[in-house]
Amino acid sequence: MAGPWYTKGAGGTTGAGTYRGFYIASTTWAIGDIVVPTVAYATAAAKKYVYKCTTAGAGATEPTWVYTTPDTSTTTDSAAVFTCMLCDDWTHASTRPDYLATNLLAAGEYLYSENVSYPVTAAATLTFAGAINNPCYWISTADTTNMPPTSVAIGATIDASATSGISVTLAGKALVYGVHLQSGGSTGGANLEIANTDESSLQLENCTFTIANNSSLSIIRLGQSTTSNAIVKSYNCTWKLGNHTGQTMRTQCAWMSVNDIFQITTAMPSTYFSVAGFTGIINMIGGDLSLITSTLIAGSSVAYATFNFAQCKLGSGVAVLATQTGPAHCEAWLYDCAVGDTHYEFAHYNYLGNTTITAAIYMSGTDGASYNAADAKHAWKVTGVNGTYATPYVSPWINKYNEAVAAVTPRLEILRDGSTTAYNDNQVWGEFSYKGTTGFTTATIVSDRCGLVATPAAQAASALGAADWAGETTPWYGKLEPTATITPAEIGDIAARVCVAGAIAVYVNPKILGT
């Protein structure tokens, strides 16, 4: 078998030669009527075909379908006779995409589905038997004339919303376009399970995924708790949770999201994204998260995940990361993400602390860091939460390209707001990286942290002061720099970052000076 294969919506009239849908007992059939097996008679092999009435007559009860030789094998239903047919044209299209996806398609084959609703009343599973280098293709189309179709259209919908407690599963290796998966409705728990088999690899384009119920038990799950060997790539997709604060979108595999939209039905979920079991890296660019005004990422005690958000639209007042139970759990990076028309935001959050951008307190003058061509200034606010001397919160790196192979003393200008007392070198310190080995790219790392058996001492006061900063109140002005000059042996970046122990905050000019 090679396909392509086809599905169309159910409809027509029995006994008129136009019917397409499930078998119906005690029905008078006409030549041309097409049936698919009901659940009770739908063996894996029987699901691959439709059965076309080729001898008209009155039927009785659903027979055991014969499919030994497609387009030839016949099944007798009292006075009516049905011939087993391949679903390889629009005339003999099935009404069940899930039947064909799981039981018929082989690697590299195409399934074209008319962009209509395909209601299901029992759990529906679509597992595509493609390969990483030869996936299957499932495409929604309005073109039911050409074979294969010459255009695509969104809207082919696996719709379980009329039945409570019905989950829909999509897995395997496939590119899926324009499809809508909708879980069971009402009050019963029902999930959308995406890429929940080992080594699943799904590319989803212009698809929609909807939880259609108000159960606290329902989730959209990417991946499976027993394995992390799956990846989902979604482009221009819409993800929609149902009407309960306890629902969530749970990531348990690698996920790359591009220009996706994230929605709710009515009730705002307490946390939109959660993790469990095996989780990896979630990369999202261009996502519309503006409807989420609670918390983006749930607290976790059982899994680690890194969420990277780039150029995403955020909801007003949203909290990025819920409290985590330890440093080995979720963290989040945000690059140029904002609620409104600001274009310089950057942030990092984890259990130990966070780094955010502020334009309220900053270093002015030519040495102050700018975020636009108009030379508007900003600073990093590095905040410790649960860090200690042994496991501090560590900010992202600040980089400066260097071509000099001579002794330098790089430094970061810092500020403590609301107190003139200096931070000690066991509370705040810097780490500096440079290429210190001739002939190699190997980084050499030095710091001004208090020694393990040394007595903590105040960090060095800065030569800069009130004339060089803006927005501060009764501050201490300090600097972080290596305890001795460094001599790069090769050209390349000099980098610096700030380490914070304890629940304290320090403002950092994110620009390496002194080189």
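The values are calculated or read from the model by the stated rules, or taken from the named source; none is laboratory data. The model shown is predicted, which means the values in this text are computed figures rather than measured ones. Reconstructed Cβ throughout: ideal geometry from the backbone, glycine too, with neighbour counts over all protein chains shown.
Looking only at segment 282-302, which residues are among the polar types (S, T, N, Q) and under 16 Å from the mean Cα position of the chain (by Cα)? Step through it out loud before you land on a result.
Within segment 282-302, the first condition is being among the polar types (S, T, N, Q), and the residues that meet it are 283, 290, 293-295, 300-301.
Scanning segment 282-302 gives Asn283, Ser290, Thr295.
Restricting to segment 43-65, give me the number of residues that are in a loop (DSSP other than H, G, I, E, B), among the aliphatic types (A, V, I, L, M) and in contact with a helix residue (DSSP H, G or I) (Cβ under 9 Å, 6 or more places away or on another chain). Working first, answer last.
Taking segment 43-65 as the starting set, the residues that turn out to be in a loop (DSSP other than H, G, I, E, B) are 43-45, 56, 59-65.
With the extra rule that they be among the aliphatic types (A, V, I, L, M), the set shrinks to 44-45, 56, 60.
With in contact with a helix residue (DSSP H, G or I) (Cβ under 9 Å, 6 or more places away or on another chain) added as a condition, the list becomes 44-45.
So the answer is 2.
Considered as a group, the residues in segment 251-273 that are at pLDDT below 95, outside any loop (DSSP other than H, G, I, E, B) and not hydrophobic (A, V, I, L, M, F, W, C) include one that is surrounded by the most Cβ atoms within 10 Å (Cβ to Cβ), and that residue is Thr251.
Matching residues to (1) closer than 23 Å to Thr388 by Cβ; (2) part of a loop (DSSP other than H, G, I, E, B):
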{"site": "Gln324", "(1), (2)": "yes, yes"}
{"site": "Ala328", "(1), (2)": "yes, yes"}
{"site": "Ala332", "(1), (2)": "yes, no"}
{"site": "Gly340", "(1), (2)": "no, yes"}
{"site": "Ala347", "(1), (2)": "yes, no"}
{"site": "Thr356", "(1), (2)": "yes, no"}
{"site": "Gly365", "(1), (2)": "no, yes"}
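Yes/no per residue for (1) farther than 18 Å from Leu175 by Cα; (2) surrounded by 17 or more Cβ atoms within 10 Å (Cβ to Cβ); (3) touching a Lys or Arg at 6+ places or on another chain (Cβ under 9 Å); (4) at pLDDT 95 or above:
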{"site": "Arg96", "(1), (2), (3), (4)": "yes, yes, yes, yes"}
{"site": "Leu100", "(1), (2), (3), (4)": "no, yes, yes, yes"}
{"site": "Gly108", "(1), (2), (3), (4)": "no, no, no, yes"}
{"site": "Asn115", "(1), (2), (3), (4)": "no, yes, no, yes"}
{"site": "Thr127", "(1), (2), (3), (4)": "no, yes, no, yes"}
{"site": "Asn134", "(1), (2), (3), (4)": "no, no, yes, yes"}
{"site": "Tyr137", "(1), (2), (3), (4)": "no, yes, no, yes"}
{"site": "Thr145", "(1), (2), (3), (4)": "yes, no, no, yes"}
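Select from segment 371-410 the residues that are among the hydroxyl-bearing types (Ser, Thr, Tyr) and touching a Phe, Trp or Tyr at 6+ places or on another chain (Cβ under 9 Å) and write down the one among them that is nearest to Asn426 (Cα to Cα).
Kept after step one, since they are among the hydroxyl-bearing types (Ser, Thr, Tyr), are these residues of segment 371-410: 371, 383, 388-389, 391, 393, 395, 401, 409.
Those left that are additionally touching a Phe, Trp or Tyr at 6+ places or on another chain (Cβ under 9 Å): 371, 383, 393, 395.
Working: Tyr371: 31, Thr383: 15, Tyr393: 12, Ser395: 16 Å.
Residue satisfying both the conditions and the ranking: Tyr393.
May I ask you to verify whether Ala153 is of a type in the set (Gly, Ala, Ser) and buried (at least 23 other Cβ atoms within 10 Å of the Cβ)? Spelling it out, it is not the case that Ala153 is of a type in the set (Gly, Ala, Ser) and buried (at least 23 other Cβ atoms within 10 Å of the Cβ).
Look through Thr455, Thr441 and report the one residue that is touching a Lys or Arg at 6+ places or on another chain (Cβ under 8 Å), β-branched (Val, Ile, Thr), more than 14 Å from Ile512 (Cβ to Cβ) and in a loop (DSSP other than H, G, I, E, B).
Values: Thr455 fails: touching a Lys or Arg at 6+ places or on another chain (Cβ under 8 Å).
Checking each option against the conditions leaves just Thr441.
Do the conditions hold for Thr91, that is, is it part of a strand (DSSP E or B) and either in contact (Cβ under 8 Å) with a residue 24 or more places away in the chain or more than 27 Å from Ser183 (Cα to Cα) (or both)? Spelling it out, it is not the case that Thr91 is part of a strand (DSSP E or B) and either in contact (Cβ under 8 Å) with a residue 24 or more places away in the chain or more than 27 Å from Ser183 (Cα to Cα) (or both).
Among the residues making up segment 475-513, those that are touching an Asp or Glu at 6+ places or on another chain (Cβ under 8 Å) and not in a strand (DSSP E or B) are Pro475, Glu481, Pro482, Thr483, Ile491, Asn509, Lys511. Only one entry of Ala40, Ala2 meets the criterion of being assigned to a loop (DSSP other than H, G, I, E, B) and touching a residue at least 12 places away in the same chain (Cβ under 8 Å), and that entry is Ala2.
Look at segment 359-388 and say how many of its residues are buried (at least 16 other Cβ atoms within 10 Å of the Cβ) and in contact with a Gly (Cβ under 9 Å, 6 or more places away or on another chain).
At the first step, the residues of segment 359-388 found to be buried (at least 16 other Cβ atoms within 10 Å of the Cβ) are 361-363, 368-369, 371, 377-387.
Now narrow it down to the ones that are in contact with a Gly (Cβ under 9 Å, 6 or more places away or on another chain): 361-362, 377-379, 382-387.
Total satisfying the criteria: 11.
Filtering segment 310-322 to residues that are under 16 Å from Thr293 (Cα atoms) and either assigned to a strand (DSSP E or B) or small (Gly, Ala, Ser) (or both) leaves Lys313, Leu314, Gly315, Ser316, Gly317, Ala319, Val320, Leu321, Ala322. Where residues in segment 29-53 are closer than 18 Å to Tyr19 by Cβ and in contact with an Asp or Glu (Cβ under 8 Å, 6 or more places away or on another chain), which of them is surrounded by the most Cβ atoms within 10 Å (Cβ to Cβ)? Applying the filter and picking the extreme gives Trp29.
Confirm whether Thr279 is outside the structural domain of Gly465 (by TED's automatic domain parsing), over 18 Å from the mean Cα position of the chain (by Cα) and assigned to a loop (DSSP other than H, G, I, E, B). Answer is no for this residue. Quick one: is Tyr41 of a type in the set (Ser, Thr, Tyr) and farther than 30 Å from Thr208 by Cα? Taking the combined requirement at face value, the residue satisfies it. Among the criteria (1) at negative phi; (2) in contact with a Leu (Cβ under 7 Å, 6 or more places away or on another chain); (3) crowded, with 23+ Cβ neighbours inside 10 Å, the one Ala195 does not fulfil is (1).
Checking each residue in segment 131-160 for being in contact (Cβ under 8 Å) with a residue 60 or more places away in the chain and either among the small types (Gly, Ala, Ser) or in a strand (DSSP E or B) (or both) picks out Ala156, Ile158. Scanning segment 226-246 for residues that are assigned to a loop (DSSP other than H, G, I, E, B) and either without any contact (Cβ under 8 Å) to a residue 24 or more places away in the chain or touching a strand residue (DSSP E or B) at 6+ places or on another chain (Cβ under 6 Å) (or both) yields a total of 3.
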